[in-house]
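Asker: Have a look at this one before I ask anything.
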Amino acid sequence: MCNCLRSRSLVDSVFVSYSSNASDPLHLRDKKQQKILEDDNAQDLLRHLSDNEKVCLVVLDHAGLSTNREDLEQLINDNESHQKLIVDTMPFNNKVTVYERQKLLNKQQTMKAFECRNRPLQRSK
């Protein structure tokens, strides 16, 4: 997945929360864990958002960041640097969806896409 994000989505950094659920609050993820992967974790993501002026997050499917709508709204509201959120679902349905920060904050209907998912999406093999 990390290699996929680097090559297909052309990201600069990859943040992996390797032992949490998609519904766990972002600010609590990876607090006590040592780094076991070469990629950064959820705490590094939060620092990255606070340390940079403009950030565009790319996630694989809507549950890739969080399925906790309130937590996601809080993350976007608290971090003005977070300008865009791109949901890359190319392997599943040939779609890439770009969400602007203001539209996510102002349109509650838009946030419904992040609330849940019925089953895990099949990753490419």
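Asker: Among 76-82, 94-100, how do they line up by average Cβ neighbours within 10 Å per residue, starting with the highest?
Answerer: 76-82, 94-100
Asker: Report which label in (1) 1.09; (2) 1.11; (3) 0.92 holds the value of Rg/Rh (Cα atoms, Kirkwood Rh) derived from the coordinates of this structure.
Answerer: (3)
Asker: Give a residue-ordered list of calculated ³J(HN,Hα) values for the range 67-72 (Karplus: 6.51 cos²θ - 1.76 cosθ + 1.60, θ = phi - 60°; whole Hz; x for Gly, Pro).
Answerer: Running phi through 6.51 cos²θ - 1.76 cosθ + 1.60 with θ = phi - 60° gives 9, 8, 4, 5, 5, 5 Hz.
Asker: Same structure, new question: Considering amide H positions built from the backbone, and no H for Pro or chain starts, which residues 5 or more places from VAL58, or on another chain, come under 5 Å of its amide H?
Answerer: The list, which skips near neighbours in sequence, is ILE86.
Asker: Here's another thing I want to ask about it. For LEU85, what is the net charge nearby, where nearby means another residue's Cβ is under 9 Å from its Cβ and Lys, Arg count +1, Asp, Glu -1?
Answerer: Counting the neighbours of LEU85, the net charge comes to +1.
Asker: Using just the helices of the chain, give the 222 nm mean residue ellipticity in deg cm²/dmol: DSSP H runs with n ≥ 4 each add -39,500 (n - 2.57), and the total is spread over all residues, rounded to 500.
Answerer: Taking each H run of at least 4 residues, the total per residue is -8000 deg cm²/dmol.
Asker: What net charge do the residues around PRO25 carry, taking every other residue with its C-beta under 13 Å from that of PRO25, with Lys and Arg at +1 and Asp and Glu at -1?
Answerer: Spelling it out: positives minus negatives among the neighbours equals -3.
Asker: What residues have an amide H closer than 5 Å to that of ASN41, excluding those fewer than 5 places away on the same chain, when H is modeled at 1.01 Å from N in the peptide plane?
Answerer: The answer is VAL16.
Asker: For the range 2-114, what is the relative contact order in percent, using Cα pairs closer than 8 Å and at least 6 residues apart in sequence?
Answerer: Averaging sequence separation for qualifying contacts and normalising by length gives 23 percent for the range 2-114.
Asker: Of the beta bridges DSSP finds with both residues in the chain, what % are antiparallel, to the nearest 5?
Answerer: 40 percent
Asker: Using packing as a proxy for protection, rank 102-110, 39-47 so that the peptide with the highest average count of other Cβ atoms within 10 Å comes first.
Answerer: Ranking, from highest mean packing down: 39-47, 102-110.
Asker: Sticking with this structure for a sec: Is the range 65-110 best put as rounded, prolate or oblate by its Cα gyration tensor, with a ≥ b ≥ c the root eigenvalues, rounded for a/c under 1.5, and otherwise prolate when a/b is larger than b/c, oblate when not?
Answerer: Prolate, because a/c is 1.5 or more and a/b exceeds b/c.
Asker: When Lys and Arg each count +1 and Asp and Glu each count -1, what net charge do the other residues less than 10 Å away from ARG69, Cβ to Cβ, add up to?
Answerer: -3
Since every read-out is calculated from the coordinates, none of them should be taken as a lab result. Computed from a prediction, not measured in an experiment: that's the story for all the values here. Reconstructed Cβ throughout: ideal geometry from the backbone, glycine too, with neighbour counts over all protein chains shown.
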